[in-house]
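Inspection log for the structure reproduced underneath, given as structure tokens.
FYI, it's all coordinate maths here, none of it is from the lab. Just so you know, these numbers come straight off a predicted model, no measurement behind them. Cβ placement follows ideal geometry from the backbone for every residue including glycine, while neighbour counts extend to all protein chains displayed.
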Amino acid sequence: MLVDAHCHLESFKKKQLEELPAHILPVTSGYSHKSNVENAEIAERLGVPFCLGIAPQTVIREGLGKMDGWIEFIRGKRPNAIGEIGLDFHWGKTEKHFADEKEAFGRMLGLAEEMGLPVVLHTRRAESAVLDFMDGWGWKKPFMMHFFSGKAEEGARAVEMGGIISIPPLHSKERRKTIEAVPLGKLVAETDAPYVVRGVEGVEKSVEYIAEVKGVGVEKAGRATAENALRFFNVRK
């Protein structure tokens, strides 16, 4: 079995959901209240792990006015992690955006701590800023850097802080350096489907990428990344 550590099943077509590969366990993730509601329902129906959270791009688009209600919904469920949450310096353009992102991020970390859950981080062009924020906040629990696109040094720092690194099936020189620098025991594979690749089967390419860079067999890389993800999301299979 392989684990796709981050996808968005609420955005899959109905036929895709009906034909999910049996050998791949997807972890579906919310990023807004609407997607949280949909993902919670899908996860319950399919029996798959799920994450609920309010992402920075949602805060930029919708503001903070309904945050209390959004948090109450998450609190009423039992997700495997709080996410995706974090900071986004690609879509964020103004000081108001950045202030709102940080307010939401802090509240999500507080909710995760209250619920005793790990967090899944969105860090687009903000890897160091996210790690600085968490360090200043005093975060001590596990976290996952979703779709890691930062520098190898930032990946290594995340691991030192107790994090794991999620690798998508997209190759780059810096991502290769990150895979080289981070132990296999701290790597998971993801697709971010359907936004990056069409479906969860794309996680096979992520695993192949990790195996090739690490110089190990695909089976070993698949088993390791699956075990790492299952442990992080507290899933027994």
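So how many residues does the stretch 207-237 have that are in contact (Cβ under 8 Å) with a residue 40 or more places away in the chain, assigned to a helix (DSSP H, G or I) and either among the small types (G, A, S) or surrounded by fewer than 22 Cβ atoms within 10 Å (Cβ to Cβ) (or both)?
6
Can you pull out the residues in the stretch 22-43 that are surrounded by 15 or more Cβ atoms within 10 Å (Cβ to Cβ) and farther than 19 Å from M108 by Cβ?
Matches in the stretch 22-43: I24, L25, P26, I42.
When you scan the stretch 2-47, how many residues do you find that are part of a loop (DSSP other than H, G, I, E, B) and farther than 17 Å from P118 by Cβ?
Here the count works out to 10.
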